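Undergrad: First, the structure itself, so that you have it in front of you.
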Amino acid sequence: MKTITITILLIILAITSALSQDLSGVWHGNAKTPDDKDILFVFLFESNQDGYRSTMAIPTFDVSEIKPKSTSFENGKLNIDGSNLGMKYEGILNETTKEIEGSYYEGGAVLSLVLKKGNPKMKVHKRPQLPIKPYPYYEEEVVVENTTANIVLAGTFTRPEGNEKYPVVILISGSGRHDRDGSIPTHKPFLVLSDYLTRKGIAVLRFDDRGVGESTGNLSNSTTADLAQDVLSAVVYLKSRKDIDSKKIGLIGHSEGGIIAPLAANQTSDISFIVSLAGTGIPGSEISIMQSKNLRTFPVQDEIAFEQNLRKSIKIVSSNKEISQKREELLAHTNIYLTPILKSIGATDENISRFIKNEIDRLLTPWNIYFLNYNPADEFEKLSIPVLSLNGSKDIQVDPTINQNAIRNALIKGNNKNYKIVELENLSHSFQECVACDINEYKDIEQTISPIALKEISNWILETVQMN
């Protein structure tokens with residue numbers, strides 16, 4: 001009897017332990033950044049033959065359907081391998097609180113992140129510009145094949161109702177992971193832009209970036225040049241359609257998309273115009289310097305020395321040396337100049353070491369190496385097609401004066417006779433009417449895209465296609 005009782009007890013304990021170790025369902029948590037901002041993470045864990053698969057969303061940045069490479073949960077330890085995305089999460093289940101206590105790693109950032117089971121409470125934001133179905137135009141889910149890269153890009157094609165051949169634009173997102181709606185914190189600017197243009201008589205193709213949403217491929221290993229090939233694949237697809245005017249295909253690129261556009265256009269005769277939104281006109285190395293100084297979240301004692309050290313890092317990264325040698329030189333250099341800065345803000349030796357390693361990994365990605373060596377002015381100079389360049393006067397990520405001057409000078413040097421360059425007053429990098437105009441304010445602004453910018457884009461395109 002005693003033996004049976006013990007056996008039953010062991011079975012009950014085993015069942016209880018198994019239940020307590022079940023990860024399935026929705027978990028969420030808030031991580032705090034060094035500048036005291038909250039980032040909400042949500043994970044959906046589903047069991048499968050290999051253990052678990054996870055899908056991640058970051059509502060703070062309006063990013064969803066992120067699928068890490070693998071997920072394991074053994075003996076109370078959770079490991080999410082997002083090496084395909086440039087991130088990972090490591091945590092341990094606290095049996096008392098039933099919470100997973102761990103850290104989220106991405107790029108050079110390490111954030112403490114505690115996950116609780118269940119759905120988070122979400123703040124509802126008013127977004128009056130978001131279109132509501134049914135739309136007064138034709139919409140189709142499409143797939144674009146990039147046979148060279150052996151990937152498929154999932155997207156949405158819209159056009160006015162009717163049997164005409166319509167002018168069409170391809171929307172090109174900026175750096176980072178973006179779905180076809182160009183989602184940023186609580187906004188969907190590409191959906192708003194697509195809706196606006198389609199209602200004005202312009203067809204639109206927008207697609208999920210590589211490895212995002214329903215598109216295949218790996219964005220982490222891709223360069224600006226690779227992404228230009230995705231755009232060219234989209235051009236080939238559009239030419240196969242009977243409802244678009246193949247002589248009126250244009251590109252609209254935001255931020256990095258604004259420098260992908262001329263790079264793609266110069267590789268084909270099928271592009272008839274481009275629109276650069278908050279695009280750059282100076283070398284990526286200079287953009288990197290400006291953003292590192294303007295967007296950093298920590299103080300430095302000597303600004304001149306800080307910039308000199310940044311330039312030395314960039315020189316190492318952009319050189320033709322082997323990756324192993326670059327890594328060795330970067331480690332030595334970064335340890336010397338960055339460690340004292342991190343120590344001054346209270347970082348531990350362990351966190352400093354991890355931060356520097358992650359930062360070097362980020363610096364040595366194919367995308368970053370290409371970007372630092374890329375000068376979009378070279379591509380703008382080659383363009384003979386019409387160009388519209390728009391920048392917001394309150395853009396703190398891409399200086400409007402410096403970059404528009406560079407684009408203008410390149411177009412003049414290339415003898416382009418049909419261009420328009422406009423700095424729109426009081427608009428941010430995302431073309432919102434703003435106050436602080438920094439990244440943290442984006443989600444709090446009700447407006448997604450200023451009507452002034454929308455009108456400028458559509459009017460110019462309609463005038464341009466009518467001239468062709």
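The values are calculated or read from the model by the stated rules, or taken from the named source; none is laboratory data. Note that the structure is a prediction, hence the values are computed from the model and not measured. Note that we place each Cβ from the backbone using ideal geometry, even for glycine, and neighbour counts take in every protein chain shown.
Undergrad: I'd like the full set of residues that are assigned to a helix (DSSP H, G or I) and not hydrophobic (A, V, I, L, M, F, W, C), limited to segment 366-383.
TA: P366, N368, Y370, N373, P376, D378, E379, E381, K382
Undergrad: Of the conditions (1) free of Cβ contacts under 8 Å to residues at least 40 places away in the same chain; (2) under 30 Å from P59 (Cα atoms); (3) β-branched (V, I, T), I421 satisfies every one except a single condition; which number is it?
TA: I421 satisfies all of (1) free of Cβ contacts under 8 Å to residues at least 40 places away in the same chain; (2) under 30 Å from P59 (Cα atoms); (3) β-branched (V, I, T) except (2).
Undergrad: Just to be sure I understand, how many residues within segment 123-160 are farther than 30 Å from T365 by Cα and more than 22 Å from the chain's Cα centre (by Cα)?
TA: 17
Undergrad: Of the residues T156, T186, which is within 29 Å of F43 (Cα to Cα) and touching a His at 6+ places or on another chain (Cβ under 6 Å)?
TA: After ruling out the rest, the residue left standing is T186.
Undergrad: Please find, among E65, E101, E74, E95, the residue that is outside the structural domain of T216 (by TED's automatic domain parsing), touching a residue at least 40 places away in the same chain (Cβ under 8 Å) and more than 30 Å from R180 (Cβ to Cβ).
TA: Criteria check complete, one pass: E95.
Undergrad: Restricting attention to segment 272-292, and to residues there that are surrounded by fewer than 22 Cβ atoms within 10 Å (Cβ to Cβ) and in a loop (DSSP other than H, G, I, E, B), which single residue is farthest from the chain's Cα centre (by Cα)?
TA: Looking at residues that are surrounded by fewer than 22 Cβ atoms within 10 Å (Cβ to Cβ) and in a loop (DSSP other than H, G, I, E, B), I get S272.
Undergrad: Here is a follow-up. Taking Q267 as the residue in question, decide whether it is within 30 Å of L424 (Cβ to Cβ) and either in a loop (DSSP other than H, G, I, E, B) or not assigned by TED's automatic domain parsing to the domain that holds K37 (or both).
TA: Criteria met by Q267.
Undergrad: Shifting gears a bit: List the number of the failed condition for Q447; all other conditions in (1) surrounded by fewer than 21 Cβ atoms within 10 Å (Cβ to Cβ); (2) over 20 Å from H125 (Cα atoms); (3) not acidic (D, E) hold.
TA: (2)
Undergrad: Here is a further query. Give me a count of the residues in segment 398-413 that are crowded, with 21+ Cβ neighbours inside 10 Å and either touching a Cys at 6+ places or on another chain (Cβ under 6 Å) or outside any helix (DSSP H, G or I) (or both).
TA: Of the residues in segment 398-413, 1 are crowded, with 21+ Cβ neighbours inside 10 Å and either touching a Cys at 6+ places or on another chain (Cβ under 6 Å) or outside any helix (DSSP H, G or I) (or both).
Undergrad: How many residues does segment 314-343 hold that are surrounded by 13 or more Cβ atoms within 10 Å (Cβ to Cβ), assigned to a loop (DSSP other than H, G, I, E, B) and of a type in the set (S, T, N, Q)?
TA: 2
Undergrad: State all residues of segment 219-257 that are assigned to a strand (DSSP E or B) and under 24 Å from the mean Cα position of the chain (by Cα); if no residue qualifies, say none.
TA: G250, L251, I252, G253, H254
Undergrad: Moving to a separate point now. Inspect all residues belonging to segment 113-122 and state whether any of them is surrounded by fewer than 20 Cβ atoms within 10 Å (Cβ to Cβ), within 25 Å of F190 (Cα to Cα) and of a type in the set (A, V, I, L, M, F, W, C).
TA: yes
Undergrad: Oh, and also: Could you figure out which of (1) at pLDDT 90 or above; (2) within 30 Å of P160 (Cα to Cα) isn't true of L78?
TA: (2)
Undergrad: Taking the options T223, T280, name whichever one is within 21 Å of T401 (Cα to Cα), in contact with a Pro (Cβ under 7 Å, 6 or more places away or on another chain) and not small (G, A, S).
TA: T280
Undergrad: While we're here: How about segment 423-444: which of its residues are assigned to a loop (DSSP other than H, G, I, E, B), surrounded by fewer than 18 Cβ atoms within 10 Å (Cβ to Cβ) and either modelled with pLDDT of 90 or more or not assigned by TED's automatic domain parsing to the domain that holds K200 (or both)?
TA: Selection gives E425, N426.
Undergrad: From the residues in segment 367-384 that are of a type in the set (S, T, N, Q) and touching a residue at least 40 places away in the same chain (Cβ under 8 Å), which one is nearest to G279 (Cα to Cα)?
TA: The extreme case among them is N375.
Undergrad: Right, another one. Return the pair list, or none, for Cβ contacts closer than 7 Å from residues in segment 231-250 that are touching a residue at least 40 places away in the same chain (Cβ under 8 Å) and within 12 Å of L205 (Cβ to Cβ) to residues that are in a loop (DSSP other than H, G, I, E, B) and among the charged types (D, E, K, R), at least 6 apart or on different chains.
TA: From segment 231-250, the pairs are V235/D270; D243/K165; I244/K165; I249/D270.
Undergrad: Please determine, by comparing only the residues of segment 344-360 that are buried (at least 16 other Cβ atoms within 10 Å of the Cβ) and touching a helix residue (DSSP H, G or I) at 6+ places or on another chain (Cβ under 9 Å), which one is farthest from S112 (Cα to Cα).
TA: For segment 344-360, the residue satisfying everything is I360.
Undergrad: May I pose another question? Among the residues of segment 315-326, which ones are touching a residue at least 12 places away in the same chain (Cβ under 8 Å) and in contact with an Asp or Glu (Cβ under 9 Å, 6 or more places away or on another chain)?
TA: The answer is I316, and nothing else.
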